[in-house]
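Taking it in order: structure first as structure tokens, then the write-up.
The values are calculated or read from the model by the stated rules, or taken from the named source; none is laboratory data. All of these numbers come straight from a predicted model, not from anything done at the bench. Cβ atoms come from the backbone with ideal geometry, glycine included; neighbour counts cover every protein chain shown.
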Amino acid sequence: MRYLPKSDSERRAMLDACGVASPEDLFAHLPEAVRLHRPLDLPPGISEYEIVDYFRRRAAENADGYASFLGAGVYRHYRPVLVDTVVSRGEFLTSYTPYQAEISQGTLTTIFEFQTMICQLTGMDVANASMYDGSTAVPEAAMMAARITGRHRALAARTVHPEYREVLRTYAKNQGMPVEEFGYARESGAVDLEDLERKIDDQTAAVIVQSPNFFGIIEDVKAAAEIAHRRGALLVMVFTEAVSLGILEPPAADIVAGELQSFAISPSYGGPYAGIIATRDPFVRQMPGRLVGQTVDTHGNRAFCLTLSTREQHIRREKATSNICTNQALIALMATVFMTVYGKEGLRELALQNLAKAHYLAENLKPAFSGKFFNEFVVRAGAPETVNKALLKRKIIGGLPLGRFYPELADAMLVCATEMSRRADMDELSQVLQSRAAAEVLA
Amino acid sequence: MIQKVRSHQSQNEALLFERSSPGKRAWQLPELDVPAVDAAGALGAANVRAEIEGFPEVSEVEAIRHFTRLSTWNYAIDYGMYPLGSCTMKYNPRINELVARIEGLAWAHPYQPEALAQGAMEVMVRLEAALAEITGMDAVTLQPAAGAQGELTGILLIRALLEKGGNPRQRILIPDSAHGTNPATAAIAGYTVENVKSTAAGVLDLEALARAVTKDVAALMVTNPNTLGVFEENITQAAEILHAKGAMLYMDGANMNALVGIARPGDFGVDVMHLNLHKTFSTPHGGGGPGAGPVAVKKALEPFLPVPRLKRVRGKWAYDFNRKRSIGRVRAFYGNFGVLVRALAYILAHGGPGLRNATVDAVLNAVYIRKRLEAHFDLPYPAPNMHEVVFSDERQAKSGIRTGDLAKRLIDYGFHPYTVSFPLIVHGALMIEPTETESKLEIDQFVAAMISIANEVETDPEMVKQAPHSTRTSRVDEVLAARKPVLRWKPA
Amino acid sequence: MYPENYRYTKEHEWVLAEGGIGTVGITHHAQEELGDIVYVDLPKPGTQVEQGKSLGSVESVKAVSDIFAPVSGEITEINPLLADAPEKLNEDPHGAAWLVKIRLSAPAQVPELMTAADYQTYIGAEK
């Protein structure tokens, strides 16, 4: 087998050195009862070419060559070619967690740069070296707020991504953290601040708001933060579309929990992605996840190392801030290269292109909400599943029908346009939606 | 002196921000085919940011040089062995990278219509089935993003089953040899942790276990082979003790590399376990992630698995969201699909017989290392080891040299250190796991390096204490980094 | 090394009781075992503490240790020195690097703790 670098004669020599007659004798000490006495019921190994063929056929069974207007937490953005060039280097791809600083300065330096750029983007003082994804960053941020405030309730806006809220509930349930939700205004699609006022109390640790929210609407995070702070709670801001930070003013949050998939991370049917948590200086010791810090070596040269490890599982064990062991280092590196390629001006330009494309589409489609939006919006579409069937015939994947998450919006879909969306496809989408709308009026 | 890897001193490089200069660019976007939009008008003037202060501006050439130079400061599997115990740092097959990037898989959106996601769903079903066969369990979820998350999922499943019976119970038992994620996970799942001591031979103490298992204990979390690399020979009896009191056996699958094709956890009493695809199943560590932590369960726990599940409906794959007993979601979407693709490619490449052969080689390599080094390093637990071996620094400690120092000196010989100071039941542990993808030559060089270091401890201990000497960076001041944390760059 | 007028606990804390206030710290032995101390986590003034329960923690790079209250009462003061200079705890654990002051709720607890001589015997036996 091509990954096993030993010849039979070498195996023989090693067995002899061990005083073992046959390879099976290596397992002789295992109790008979636990042994598997038959081969694994799996087909024999295949060649590289057959492996490629297998996955190519699977890929062909997926959508191929379709235009897509899906967003909803996962976005289609160009991936600069440099991203794969860099992460394909064996030194990055096949290296281990940088516990041994002397031989991991490559990884440590890029993580330090990553942490810096996330702070610059979000306006926060400190950022960690990434969480699994945006959805798990949310409960981690909520638990962090609970530790800081000493309180135990969380209030999440209904306009936070529905699957993120599901994950929050799964984690919160076992932490004795009741999660309540507050609604959105029917007209604007933004959070209902009065509902927040009604529901917040002196046991609320975190108010969780997403901006742009799941409907694509930009929230008044400052107003929500004021309400939170008046009651002694922390404001957790969530983002799923990182490109929006290229043009949007960073919000006045206490903790930011976000998803970086937009930064050159392939949609890849749902993962792997990279989340981040960023916060203000006073809260750094309550932050979960790996952190890289700057220091010096014995000769006084600048060097980087993992630090504040005492927050983490391998030391604090049952008192750890989280059980997380990984950071998404390679994924974070993709995002770092992306941010490097685009840089200060490029990220802004990219955001402006997204704004232009989505607002062009919105001119013909009439958004259902009046709130200001970035690159996604909700549009009424009669029977969204039927509309999407018609679109599929034209090799277009339409927006996400919202009925599965918001029963009150069963006649609506969430559409997203990015810098990759072509005018011709947007025109076709509009045409189909408008003609169906007309057909319904006539019916 | 044996040195098979050149030290990485050839490149110097500053931080991106120190290389940055206004107006430099590495990007170009196509011209807009729609009218441009005024940001203040569309977003509201107060929402528009001035600029991203401090963000770098570099050209494409500087970008590629920056990352290339930095990469040369890393050690990697592509350079040589990582003898890290319980990490299973095996070769990351390159075909896996290629297939994960095939467009129809890499660009698939998790919300695209099921009719257009059949290929992705088929991949997941195939992997679930393969992992179920390998572990001897009844059902598998691929949702957890990493081993630690898989562990949490597993404990939540146990909690859900016990809750259905009326009492989730309060405590989880963990051996004192366990990895730190185990107690952290139990705490996050809302259980209190109780340590169970190992016997003098380093395995589960059945008597201590029997005393500790009351009707208030939900589960025992065990790693098998344990963190000493020793098979828990009493595992079936342990399972019986637990089951008799209505408790369950959770297995941390970190050491599966010793068992694939040889023994199956489902056959020796395990109720639920997690796997680390980035260990046993070769997906790349990438400097610290991503991984994936599938969870395999026995039938009784299947109803509680995270939602959605995959099912066959009229000849096609479909998602079943109607799972009333499910513990819910542990993350958005379906799992780290890109990692799952790589793990399946690994399984396809080996096949059934190949997977077993890999296990045999993994164990042979570790037993060989033990044989060659036991004359030079103290071996605290003499039981037969499997895919890893644990020595202690007791002999070298007499000269004032600890396992951490030996590890740093190993770097000078061109190797990454082994796992230092773990498990905690061994004072000054050296935990060594070669994996099956190391050649005899590589292992012989490693052994020679370790023996040489053992000799250096006798002749020149101070030199060992100051190691490494050949790296670009000497030992870093971790105390300073923790006392005065500097966690981002700031302009002067 | 170990002041005669202090009292000591098995968990390596010391307390000096004067006029109803107990000044608390960790012993020289403790700081030696911990190594370079990087951070000290202390409760806020006003917090009620109970003898034997954790009131905070001391961190080195690789380890965290709980600080157990040697006596019960209310925290009146925490040492401002340690936030910026945790290394003082290595340098002068019995003096300038005291941790907290507690208004004693049960002064009788103090004489029941180990004397300097007992403590030295205790740590000698531990080795």
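A few comments on the model shown:
- Count - residues of the range B:474-492 that are facing another protein chain (nearest Cβ under 7 Å) and in contact (Cβ under 8 Å) with a residue 24 or more places away in the chain: 2
- Selection count, the range B:132-155, where residues are surrounded by fewer than 24 Cβ atoms within 10 Å (Cβ to Cβ), within 11 Å of chain A (Cβ to nearest Cβ) and in contact (Cβ under 8 Å) with a residue 12 or more places away in the chain: 2
- Where residue B:52 falls short, out of the listed (1) closer than 30 Å to residue A:72 by Cα; (2) among the aliphatic types (A, V, I, L, M); (3) surrounded by fewer than 21 Cβ atoms within 10 Å (Cβ to Cβ); (4) within 7 Å of chain A (Cβ to nearest Cβ): (3)
- Pick from the range B:59-86, criterion among the hydroxyl-bearing types (Ser, Thr, Tyr) and facing chain A (nearest Cβ under 10 Å), ranking: farthest from the chain's Cα centre (by Cα): B:59
- Residue satisfying all of: in the range A:149-187; touching a residue at least 40 places away in the same chain (Cβ under 8 Å) and among the hydroxyl-bearing types (Ser, Thr, Tyr); nearest to residue A:224 (Cα to Cα) among these: A:159
- Flag for residue C:80 being surrounded by 19 or more Cβ atoms within 10 Å (Cβ to Cβ) and within 29 Å of residue B:482 (Cβ to Cβ): no
- Scanning the range B:177-192 for residues that are farther than 15 Å from residue B:85 by Cβ and either in a loop (DSSP other than H, G, I, E, B) or of a type in the set (Gly, Ala, Ser) (or both) yields B:184, B:186, B:187, B:189, B:190, B:191.
Listed here are the residues, each with its yes/no results for (1) assigned to a loop (DSSP other than H, G, I, E, B); (2) on the phi < 0 side of the Ramachandran plot; (3) modelled with pLDDT of 95 or more.
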residue: A:251; (1), (2), (3): yes, yes, no
residue: A:272; (1), (2), (3): yes, yes, yes
residue: A:282; (1), (2), (3): no, yes, no
residue: A:289; (1), (2), (3): yes, no, no
residue: A:295; (1), (2), (3): no, yes, yes
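- Restricting attention to the range A:89-148 and to residues that are of a type in the set (S, T, N, Q), within 7 Å of another protein chain (Cβ to nearest Cβ) and touching a residue at least 24 places away in the same chain (Cβ under 8 Å), the residue that is surrounded by the most Cβ atoms within 10 Å (Cβ to Cβ) turns out to be A:107.
- For residue A:21, the conditions (1) assigned to a helix (DSSP H, G or I); (2) more than 8 Å from every other protein chain (Cβ to nearest Cβ) all hold with the exception of (1).
- Restricted to the range A:47-84, and to residues there that are out of contact with any helix residue (DSSP H, G or I) (no Cβ under 7 Å at 6 or more places or on another chain) and assigned to a helix (DSSP H, G or I), the residue that is surrounded by the fewest Cβ atoms within 10 Å (Cβ to Cβ) is A:49.
- Selected residue (only one of B:30, B:35, B:22 is facing another protein chain (nearest Cβ under 7 Å), assigned to a loop (DSSP other than H, G, I, E, B), in contact with a helix residue (DSSP H, G or I) (Cβ under 9 Å, 6 or more places away or on another chain) and not small (Gly, Ala, Ser)): B:35
- Any hit, the range B:209-217, residues being more than 14 Å from chain A (Cβ to nearest Cβ), in contact with a strand residue (DSSP E or B) (Cβ under 9 Å, 6 or more places away or on another chain) and crowded, with 24+ Cβ neighbours inside 10 Å: no
- In the range B:197-216 there is no residue matching the filter, namely being within 27 Å of the chain's Cα centre (by Cα) and either under 16 Å from residue B:272 (Cα atoms) or assigned by TED's automatic domain parsing to the domain that holds residue B:361 (or both).
- Matching residues, the range B:457-482, being surrounded by fewer than 21 Cβ atoms within 10 Å (Cβ to Cβ) and either basic (Lys, Arg) or assigned to a helix (DSSP H, G or I) (or both): B:458, B:459, B:461, B:462, B:463, B:465, B:472, B:475, B:478, B:479, B:480
- Members of the range B:9-19 that are assigned to a loop (DSSP other than H, G, I, E, B) and surrounded by 18 or more Cβ atoms within 10 Å (Cβ to Cβ): B:13, B:15
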